[in-house]
């Protein structure tokens, strides 16, 4: 539990440092996160034709980053990127040599695309007026919620959030409170997201990372340590570390635009 929380907190912390350094370093850090998440997810679901799916999802990721960059932070073009990726995924299935598990392969490819593209709005938020502060607040809140939430689960795991989950209500409440408190501290006394705005933004982000963390936690219950699931089990930890950070991005964009408007 502690490793899971510490790993997610370190990822958010690394992105937070890059956000302070500049826009280009943050974009590079997010791109690395996207590519690693694609690889880990395809391994976790044991996707058929994973090589082609990775190349397709990588192309969609780069295209999404470019679309947001040239449109000055507008994300309306991301729907078009996902749509073109769907067409490319269909073509990928047509040209496969050993065409088995077609539906599964198509679904896994599209989920990988959506997961990677979902990270892009965090970069788009930075291009909005006041977005620099909002991005820093969101990353700090997400890291605090993951770390403190898992510490709470380790100390007091019951009552559990769901049957079979290692996450408990005390850890959830601790994570939500920590995320809001850290958000206020990072925002400071002045700025576009100071005070109550920072607390609301931190609470929204903390809830999103907690939900993603719980989803991975429940999914892990279906895997065993046997030979059949060995590759999937090894991919579970990186997915568990990166998926909450990916889930943070779209919520941060929507909540950030609301508090900045």
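Condition first: in a helix (DSSP H, G or I), in contact with a helix residue (DSSP H, G or I) (Cβ under 6 Å, 6 or more places away or on another chain) and surrounded by fewer than 23 Cβ atoms within 10 Å (Cβ to Cβ). Now tell me which residues in segment 43-53 satisfy that. Even if it seems obvious, please write down each step before you answer.
Kept after step one, since they are in a helix (DSSP H, G or I), are these residues of segment 43-53: 43-44, 50-53.
Next cut, in contact with a helix residue (DSSP H, G or I) (Cβ under 6 Å, 6 or more places away or on another chain) only: 43-44, 50, 52-53.
Hits for segment 43-53 are 43, 50, 52.
Looking at 170, 192, which one is part of a loop (DSSP other than H, G, I, E, B) and either modelled with pLDDT of 90 or more or in contact with a helix residue (DSSP H, G or I) (Cβ under 7 Å, 6 or more places away or on another chain) (or both)?
Among 170, 192, only 192 is part of a loop (DSSP other than H, G, I, E, B) and either modelled with pLDDT of 90 or more or in contact with a helix residue (DSSP H, G or I) (Cβ under 7 Å, 6 or more places away or on another chain) (or both).
Could we say that residue 211 is modelled with pLDDT of 90 or more, touching a helix residue (DSSP H, G or I) at 6+ places or on another chain (Cβ under 8 Å) and more than 24 Å from residue 170 (Cα to Cα) here?
No.
Check 205, 184 and return the single one that is over 23 Å from residue 3 (Cα atoms) and either crowded, with 24+ Cβ neighbours inside 10 Å or out of contact with any strand residue (DSSP E or B) (no Cβ under 9 Å at 6 or more places or on another chain) (or both).
Answer to the selection: 184.
Could you tell me whether residue 73 is at pLDDT below 90, within 19 Å of the chain's Cα centre (by Cα) and under 30 Å from residue 193 (Cα atoms)?
When the stated conditions are applied, residue 73 passes them.
Only helices (runs of 4 or more DSSP H) wholly contained in segment 95-167 count here; list those with 3 or more residues that are out of contact with any strand residue (DSSP E or B) (no Cβ under 7 Å at 6 or more places or on another chain) and under 21 Å from residue 184 (Cα atoms).
120-126, 131-155
On the given criteria, is residue 116 farther than 27 Å from residue 62 by Cβ, in contact (Cβ under 8 Å) with a residue 60 or more places away in the chain and buried (at least 23 other Cβ atoms within 10 Å of the Cβ)?
Criteria not met by residue 116.
The values are calculated or read from the model by the stated rules, or taken from the named source; none is laboratory data. Note that the structure is a prediction, hence the values are computed from the model and not measured. Glycine gets a Cβ as well: all are built from the backbone with ideal geometry, and neighbour counts include every protein chain shown.
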